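Read-outs: derived from the displayed coordinates by stated rules, not from any lab. Just so it is clear, the structure is predicted and the values come from calculations on it, not from any experiment. Note that each Cβ is placed from the backbone with ideal geometry, even for glycine, and that neighbours are counted across all protein chains shown.
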Amino acid sequence: MSETNTPADWWPRMSDEAANAEARRIIDDVYRPTPPPTPILTSYRDDTEPPSVGDAPPAWQDDRRIVPAWAAGTAVASIGIGAGTTGIGCGIWLVLKGFASMSVTGVVCMGVLFSGIAFAALSIGAAFSRARRSVSRAVYTGPVTKNTHVTTHTRGAFARSHTHLHN
């Protein structure tokens, strides 16, 4: 007798007629029409008319904003900066388009004009920055002695020297 298990060893024994009837029942169950499932409600509309006259107080609604106030302010500022930059860019484009239709001499003169304006702005800025610097003078009325002591440590065959400066 063989020790191997085959499907015939552990499946129940059925006659051909019973197997055909069971197969027909399984096929009929699979292909039997079923009623469609009832839809799940995802919204609700209250169609009752509100009273035209009444003394009911308004319902309190919590203030639940999606973004914090600082983020909204940053967004508004970004939009303003973007719009301003767009306006400046359009102005520069118009000026450069005008430069393109000018002669070489006109372009050089306009370049000199812009260079002069930039030079004046830089010199004014440098003058202001120097004027804002405070002048400090340290006056010493005694002898100054500087003591410096250096220690060096070298340990081991492959060690590095460590020099420390003590003031």
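Tabulated values for the structure
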quantity	calculated
Sorted peptide list for 44-50, 145-151, 112-118, criterion being average Cβ within 10 angstrom, highest first	112-118, 145-151, 44-50
Simple spin-label estimate for Arg24 and Ala56 in nanometres, 7 Å along Cα-Cβ	6.4
